[in-house]
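Here is the structure we will look at.
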Amino acid sequence: MLVGLVCAVGTSLCYGSGSVLQAVAAGDARLTTRLDPRLLLRLMRAWRYLLGLALDGLGFVLSLVALRSLPLYVVQAVVASFLAVTAVAGALVLGTRVRTAERVALVVVVLGLALASLSAAPEPARATSAGVQWLVLLAATTLALISVPLGRLSGRRGAWVLGSVAGLAFGVVAVGARALSFSMTDGSLVARIQALVDAPASYALVVAAPVALMTYATALQRGSVVEATAPLVVGETVLPAIVGLTLLGDHARPGWGVAGGAGFVVAVGAALLLSRFGEVTTSRAEGVERE
């Protein structure tokens with residue numbers, strides 16, 4: 001369980017640092033008026049975006065390890081604290097100012113995560129039904145389809161909507177990863193690979209991950225990092241937590257249910273307050289008028 005917590009914190013560190021690098025790269029890229037896959041191709045030529053993407057990949061691997069022993073709601077609550085990491089990274093690398101109220105919010109995030117973590121009952125990886133995995137794939141496909149027309153929304157509304165889609169897509173990735181965690185711990189290497197190929201959740205990851213990356217990159221161009229990241233945090237934490245508790249058998253330690261729920265709400269709520277730290281300065285003028 002301790003290893004799971006350490007890996008979850010590592011995931012948060014990777015995601016938080018990566019988000020700053022990706023925000024700067026997206027701000028430097030040419031603006032798009034729709035959901036354009038070529039935006040990702042352009043960003044792939046920027047070293048900051050590639051480094052941010054590499055950190056996301058490392059964070060995802062660490063999250064898989066964490067999900068082998070921790071409930072999904074605990075892992076996602078810890079991951080939500082990446083906004084605190086973004087705050088520190090923004091202050092150190094980009095010179096953004098950390099105010100007193102935001103320092104207090106950082107402390108609240110830590111306390112909420114501690115409460116949620118203490119409530120967690122050890123959750124060994126277990127098989128997920130095919131029905132649940134097909135639902136995960138359906139959710140990923142639906143997000144991919146609706147992201148195309150929503151990609152035409154501009155300004156603040158576009159940032160919030162696309163940030164929400166990105167958050168839900170990242171949430172699907174988290175649920176799919178939890179569903180696949182059993183396949184990665186049982187049997188020989190060949191058996192594990194075959195299980196991954198046969199699992200609908202594997203294809204959900206293939207669909208949801210690019211949608212999440214593309215919609216988030218586009219959202220960063222439509223508004224501030226605050227407007228893009230706040231709804232992302234809600235989507236990637238609340239939805240997986242609900243799915244984990246209702247469909248995947250997650251649960252708190254006896255007598256810790258209320259405390260764990262309170263810790264989750266406090267941690268995610270404080271993390272949303274910390275999203276103001278996402279106001280990183282890019283080469284794009286801050287005074288550019290948005291629709």
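Bear in mind that the values in this text are calculations on the coordinates, not laboratory data. The model shown is predicted, which means the values in this text are computed figures rather than measured ones.
Could you work out the pair-distance distribution P(r) of the stretch 129-248 from its alpha-carbon pairs, with 5 angstrom bin width and percents rounded to whole numbers? Result returned by the calculation: 2, 14, 21, 20, 16, 11, 8, 4, 2, 1, 0.
Taking amide H positions as modeled 1.01 Å from N, with prolines and chain starts lacking one, the residues under 5 Å from HIS251 and 5 or more places away or on another chain are ALA121. With the biggest extent put first, the Cα atoms of the stretch 10-85 measure 42, 21, 17 Å across the principal axes.
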